[in-house]
1. How much length is gained on full extension from residue 111 to residue 11, taking 0.36 nm per residue of separation minus their Cα-Cα distance?
2. Length gain on complete extension for the stretch residue 222 to residue 298, per 0.36 nm per residue less the alpha carbon to alpha carbon distance?
3. Counting only heavy atoms of protein chains, what accessible area per residue, in Å², does the range 124-273 have with a probe of 1.4 Å?
4. How large is ³J(HN,Hα), in whole Hz, for each residue of the range 129-139 in order, when computed from phi with the Karplus curve 6.51 cos²θ - 1.76 cosθ + 1.60 and θ = phi - 60°, using x for Gly and Pro?
5. Check which residues have an amide H placed less than 5 Å from residue 275's amide H, if you skip close sequence neighbours.
6. Expected output is a single nm value to one decimal: the length gained when fully extending between residue 23 and residue 191, i.e. 0.36 nm times separation in residues minus the C-alpha distance. What is it?
7. Got a sec to turn the phi values of the range 328-336 into Karplus ³J(HN,Hα) couplings, 6.51 cos²θ - 1.76 cosθ + 1.60 with θ = phi - 60°, whole Hz, x for Gly and Pro?
8. Just to compare against my own numbers: the Cα pair-distance distribution for the range 172-259, 5 Å bins, whole % per bin, please.
Amino acid sequence: MHPTARHSAADCREIQKLAKRVSGRREQSSKDDSPPPRQRAGKEKASDSRAAAGEKELGYQSPARELKGVYHNDDSDSDNGDRRKKLYVMYGGSWELVSRRDVKTLRREVLSVKPGVPRAAPHQRWMNTTISFGPSDCPENMAGAGVLPLVTAPVISNVRLYHVLIDGGAGLNVISYAAFKQLQIPESKLTPSRPFSGVGPHPVFPLGSITLPVTFGTEENFRTESVMFDVAEVNLPFNAIIGRPALYRFMAIAHYGYLVLKMPSPAGVLTVQGDRTAAVAAVERLHTLAAEAARSEEDPSTSQPRAPAKAPKVQPSDPDQVPVKSVQIGADSTRTTRIAGNLEEK
């Protein structure tokens, strides 16, 4: 039992516990004439693997009390005047709720027992597709599980774009301006967008938004959806970030332990393996950025203060390219003025 231990089998506490459990089961079975209960093979293997890893089997926690509010640190709560860290969540841009009225409408729709107006949703097509994870999805090397981000390389607008982060916590989809230029898409196709937050302490003003086709998989098994991206200059080690809106379009499920992304497709369940090499490079880059930020906070003289981001300036149009027309002022037909030709009559 213990070839390297200094105690005998009779003094082994684990053997004594096992003997006590077996004797208890036998006494119970002799009382009700029922066979002793046995654990399933899966549970036995799981217990053996946890014991081999030195982990202790944990039981159910009975809640002693409940905390239903949302608690966070605030600078005003600091007694000694120190700056506390704030949590930033990427939210805003093209997917932001414009007004308080939209927020109230969303709340009523979510909390209603029955939806008022039926809407076509992506999940209606794939509602009968079952997605599961099994031993075949587990990599041989689990190093970095829970630490490495899920980085993929989908095809965006007919270009294989690497270093794309799958982030279920992001409330919008972002593509960096440098990557957008590599796609060779004219900036005139961008539509106005709103600022978003979550990358740093200051809001980010995107150059605009654009809808692009995104494809995962191969020609034999693939899935393509139209995804709206906000194009912005972000200091992150990723070319693009695919957040909740796109993951909902694909009905995709991410496993951050196995670094696998799965989604339904016409040919069955599509499995997308994460790029572990790119994930390690991203972690190294993020660690470098965090170390530089920490050094600048400790010694502000080593770094120049960064000014808050400003909204992009609107370039005036060329007067020769703007159509003009003459309109009458009041009842006098002799009084006219010239305005832009693309304006409505009123």
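The values are calculated or read from the model by the stated rules, or taken from the named source; none is laboratory data. Remember, it's a predicted structure, so these values are computed and weren't measured experimentally. SASA here: full protein model, heavy atoms, side chains in, ligands and nucleic acids out. Shrake-Rupley method; radii C 1.70, N 1.55, O 1.52, S 1.80 Å.
1. Gain on stretching residue 111 to residue 11: 30.0 nm.
2. Between residue 222 and residue 298, full extension yields 22.4 nm more.
3. With the other protein chains kept in place, the range 124-273 gives 49 Å² per residue.
4. So the J values, rounded to whole Hz, are 8, 9, 10, 9, 10, x, x, 5, 7, 7, x.
5. 151, 152
6. 53.0 nm
7. 7, 9, x, 7, 7, 6, 7, 9, 9
8. Spelled out bin by bin, the range 172-259 gives 3, 12, 22, 23, 20, 13, 6, 2, 0 percent.
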